[in-house]
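Data first, discussion second: the structure below is written as structure tokens.
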């Protein structure tokens, strides 16, 4: 939510500006942290608010975020002040929206806001894990090192997403073409062929049952095309809306974990993210409970996130993290075993980085294998649909033509 404010500084000078916060109270608290005494705080309205609403829907490419993070890390390591670093990097991005975000962060840091809190005002750009790791880096005086780790982590996530997206592009395109072609054939072509069949055999001709079913389906689609299209649109949008709700998202993620093949990919991606994120937080000096809380939100699966929350409760009661994870339905035993070794040797971060690398390689292998299997499978499905339609249509035509020729 965007707010505009008028406030006084410690020198009793009046200043005004704008900022983003979850509520008016949160905005007032943010101003207080900056040493400002708010006089007026109100929701932004008018054209600026409309523009802000539009830009909030925009996204920053992971590539731009990686470059920004690496460059910021390099400049901080070289001893360049944060404000100057941010000001310099503001014009480096090709994204106008990202430039405006960095500009907002720069202004906040200039006014005394910690870098992590400034990043936290843009949750669609800087994730919770990003913000918390920056906060840990600021607290521990290792911000440059944390930013390097963050850049590597964002790159790994981007790489995994790109591979999954690449593997799914072909089957999605083929499936879409198949569905469109099927409806096109059933609505525009089959009715004409049905007329030919009736002209050849007459109204009392006996057709195979599969041909009668096909003609009935075609007739229904032809007369109810708009209704079918409306139902498909409503179901699609309703499903997308429900999946975004907490309950719907949990059920959808649970369904993914029950789906063969898909489960393997989801679990491997989740374990890789958990291991790398948790290792980064632990190396930054973040406590186990805080690290678990942040890591759960970065995994991308609500069911596994719930397991981590339950594990955190047991850790709070004095148990080692490896114990509850060893009873997990989704965490492989190798993870709990490796984690136990890390707990004994005091090298949890090093061990989990190895686990992350192992599962990232596993994800690569599974995705490559899946892509090689899906392509011929989709061709078989497409060929089967065409074959059924052809047999249902051409068979009766050939039979009726033969009968006419013998009369």
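Tabulated values for the structure
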| read-out | value |
| --- | --- |
| Subset tally (residues that are in contact (Cβ under 8 Å) with a residue 40 or more places away in the chain, surrounded by fewer than 24 Cβ atoms within 10 Å (Cβ to Cβ) and in a helix (DSSP H, G or I)) for segment 277-288 | 2 |
| Unique match (being within 17 Å of residue 268 (Cβ to Cβ) and either at pLDDT below 85 or not assigned by TED's automatic domain parsing to the domain that holds residue 156 (or both)) among 360, 375 | 360 |
| Test for residue 93: is it outside the structural domain of residue 24 (by TED's automatic domain parsing) and at pLDDT 80 or above | no |
| Failed condition for residue 178, given (1) over 27 Å from the mean Cα position of the chain (by Cα); (2) closer than 30 Å to residue 395 by Cα | (1) |
| Residue check, residue 370 in the same structural domain as residue 280 (by TED's automatic domain parsing), at pLDDT below 75 and within 46 Å of the chain's Cα centre (by Cα) | yes |
| Hits in segment 247-276 (condition: within 19 Å of the chain's Cα centre (by Cα), free of Cβ contacts under 8 Å to residues at least 12 places away in the same chain and surrounded by fewer than 17 Cβ atoms within 10 Å (Cβ to Cβ)) | 247, 248, 251, 255, 259, 262, 263 |
| Lone qualifier among 279, 291, 298, 284 - being at pLDDT below 85 and within 19 Å of the chain's Cα centre (by Cα) | 298 |
| Of all residues in segment 311-364 being touching a helix residue (DSSP H, G or I) at 6+ places or on another chain (Cβ under 6 Å) and in a loop (DSSP other than H, G, I, E, B), the one that is nearest to residue 261 (Cα to Cα) | 330 |
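The values are calculated or read from the model by the stated rules, or taken from the named source; none is laboratory data. The structure displayed is predicted, hence computed values, not measured ones. Counting neighbours? That spans all protein chains shown, and the Cβs are built from the backbone with ideal geometry, glycine included.
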